[in-house]
Amino acid sequence: MKNSFLKERTDSNNPKWQQAIKREKEMYGRGNDLRSEFERDYTRLLHCRAYRRLKNKTQVFFDPSNDHACTRIEHVGHVASVANIIARYLGLNDELTHAIAIGHDIGHAPFGHSGETILNSILGKEENETVPKKFWHERNSLFFADYIETLDDPEGVKRPLNLTYAVRDGLICHCGEIDQQGIRPRKDAMNLYDIKRPGMTQPFTWEGCIVKLSDKIAFLGRDIEDAKMYHLLDMGSYRQLREIVMSTLGMKRQKTTNGETFSTLSHRSGRAVNTTVLINDMIVDLCENSTPETGLCFSPNYAAFISELKSFCFKNIYNHWRLQEFQNYADNVLKTIYRTLMKAEPYARNGRMPFIADDFPMLAKAFEEWLICHSNYRKADSGEDLRTKMRYATETIFDVHSESSFQKCVIEFISGMTDDYAIKCFNEIISF
């Protein structure tokens, strides 16, 4: 129902307000800012480099030559659109949902979820029931927002984004891949780095919960559209899709103003599954079935439909042999870069990297700048503190004298790459 969550809105009347707008420390003041706290977070994320790079990161299909393939930045736009519609209708804070949505994937690896799986495997632990992932993009989005991304203050000093707690919480809690009904925000604030698994901790705000569900709504519809464009779905897949629609949703018939009846779902049978219609219907169903008492939820039919649709996508799209071949290629690219950079570890301790600087100048230059900005690395042949010269007012995060810290440094460097840049680095490494 419209405005049914108005009393739950994250604003100054909400008991969670002071915690929601809390910042660890202020970035800088202007004295003439017209924006709200969450609008400031939105623009900080919009202008950071990790957000810009999303335009060249894979969503599901790697095809930089195709202008119509969904990229990571387009997915983020879809999530923001869905979240804003739901938040405004229910009476929640759409400025907060917009900020969370625009930044929720800034920590995503190159090559989509394939890249995420590869970086996690490099760290030596595959996810199972007892061992949590070491690399997962939701936590990495928080890490990038807190420690990696910077903006210049009025004096040209690079400072951390220093986002509000509510937005930071929304970044790490946005995982929409786990099917849940009746989602409600958790009551208490917590140290966000105590969250060890994606999707298992509910967001602190209702707005964060909306982004979590919007993520699922956005990717399901669009991934099917791209799969059709790349001819991954055969006639058997289309029949299966039609059966999912018919069995889980049925054929509702409604009357128009002139008394004519029509089927609201007929356009979704088989080949006619339509992204915008699919997204619209999921939004409407969620809004009609959610209350502060029961939480954010879909109707039983739509919940079953979404679950079946996800299973369909995994079987017919994400596990398709062509995407598996792409993952093999991405695995080779990222692991080659990783192995190359790890060979520089003993040299980095002494402030020198001749091994990669001589043979791979493009990769070496970028990685050395990364080390100067984010670690205690100091160039041996430089008589000045280059980090100070570059005017960084950020914490030194990585220790080049620790193998595990250096490994984490390399992983984070790779995670920030775009697909195209990773391939350029790979080609530089294998070229003679």
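The residues in the stretch 185-198 that are crowded, with 17+ Cβ neighbours inside 10 Å and more than 18 Å from residue 22 (Cα to Cα) can be counted, and the count is 2. Candidates in the stretch 48-60 are the residues that are touching a strand residue (DSSP E or B) at 6+ places or on another chain (Cβ under 9 Å) and not aliphatic (A, V, I, L, M); of these, the one that is surrounded by the most Cβ atoms within 10 Å (Cβ to Cβ) is 57.
Contact map, the stretch 346-371: residues that are over 15 Å from residue 411 (Cα atoms) and in contact (Cβ under 8 Å) with a residue 40 or more places away in the chain paired with residues that are polar (S, T, N, Q) and buried (at least 16 other Cβ atoms within 10 Å of the Cβ), Cβ distance under 8 Å, separation 6+ or inter-chain. Pairs shown: 360/340.
Could you check, for the stretch 211-230, whether at least one of its residues is open to solvent by 10 Å² or more (accessible area, probe 1.4 Å), under 30 Å from residue 294 (Cα atoms) and touching a Pro at 6+ places or on another chain (Cβ under 7 Å)? No, because not a single residue in the stretch 211-230 is open to solvent by 10 Å² or more (accessible area, probe 1.4 Å), under 30 Å from residue 294 (Cα atoms) and touching a Pro at 6+ places or on another chain (Cβ under 7 Å). Here residue 42 fulfils each of the conditions (1) farther than 29 Å from residue 418 by Cβ; (2) among the hydroxyl-bearing types (Ser, Thr, Tyr); (3) modelled with pLDDT of 95 or more apart from (1). Taking the stretch 385-422 as the range and being part of a helix (DSSP H, G or I) and open to solvent by less than 30 Å² (accessible area, probe 1.4 Å) as the test, the residues that pass are 387, 405, 406, 409, 410, 411, 412, 413, 414, 415, 419, 422.
Whether any residue in the stretch 364-377 is farther than 22 Å from residue 396 by Cβ and either open to solvent by 70 Å² or more (accessible area, probe 1.4 Å) or touching a strand residue (DSSP E or B) at 6+ places or on another chain (Cβ under 8 Å) (or both) is what I want to check. So far as the stretch 364-377 goes, no, none of its residues is farther than 22 Å from residue 396 by Cβ and either open to solvent by 70 Å² or more (accessible area, probe 1.4 Å) or touching a strand residue (DSSP E or B) at 6+ places or on another chain (Cβ under 8 Å) (or both). Flag set for residue 325, criterion: more than 30 Å from residue 153 (Cβ to Cβ), in a helix (DSSP H, G or I), free of Cβ contacts under 8 Å to residues at least 60 places away in the same chain and out of contact with any Asp or Glu (no Cβ under 8 Å at 6 or more places or on another chain). For the stretch 26-43, indicate whether the set of residues that are open to solvent by less than 50 Å² (accessible area, probe 1.4 Å), within 25 Å of residue 331 (Cβ to Cβ) and of a type outside the set (Ser, Thr, Tyr) is non-empty. No, every residue in the stretch 26-43 fails to be open to solvent by less than 50 Å² (accessible area, probe 1.4 Å), within 25 Å of residue 331 (Cβ to Cβ) and of a type outside the set (Ser, Thr, Tyr).
When 337, 372 are screened for being more than 30 Å from residue 221 (Cβ to Cβ) and within 25 Å of the chain's Cα centre (by Cα), only 337 passes. Exactly one residue out of 80, 50, 69 is over 29 Å from residue 370 (Cα atoms), among the small types (Gly, Ala, Ser) and not in a loop (DSSP other than H, G, I, E, B), and it is 80.
Which residue, of 354, 361, is under 22 Å from residue 56 (Cβ atoms) and open to solvent by 20 Å² or more (accessible area, probe 1.4 Å)?
Values: 354 fails: under 22 Å from residue 56 (Cβ atoms).
Going through 354, 361 in turn, the sole match is 361.
Looking only at residues of the stretch 128-145 that are open to solvent by 30 Å² or more (accessible area, probe 1.4 Å) and touching a helix residue (DSSP H, G or I) at 6+ places or on another chain (Cβ under 7 Å), we find that the one that is modelled with the lowest pLDDT is 133. Restricting to the stretch 277-331, what's the tally of residues that are of a type outside the set (Asp, Glu), farther than 30 Å from residue 6 by Cα and open to solvent by 10 Å² or more (accessible area, probe 1.4 Å)? Result for the stretch 277-331: 16. Residues that are among the hydrophobic types (A, V, I, L, M, F, W, C) and in contact with a Ser or Thr (Cβ under 6 Å, 6 or more places away or on another chain) were ranked within the stretch 410-431; the one that is farthest from residue 344 (Cα to Cα) is 426. Considering only the stretch 257-280, I want to know if a residue exists there that is among the aliphatic types (A, V, I, L, M), modelled with pLDDT under 80 and in a helix (DSSP H, G or I). Within the stretch 257-280 (the criterion being among the aliphatic types (A, V, I, L, M), modelled with pLDDT under 80 and in a helix (DSSP H, G or I)), the answer is yes, since at least one residue qualifies.
The values are calculated or read from the model by the stated rules, or taken from the named source; none is laboratory data. Remember, it's a predicted structure, so these values are computed and weren't measured experimentally. As a convention, Cβ positions derive from the backbone with ideal geometry for all residues, glycine included, and neighbour counts pool all protein chains shown. Ligands, DNA and RNA are excluded from the accessible area calculation, which covers all protein heavy atoms including side chains. Shrake-Rupley method; radii C 1.70, N 1.55, O 1.52, S 1.80 Å.
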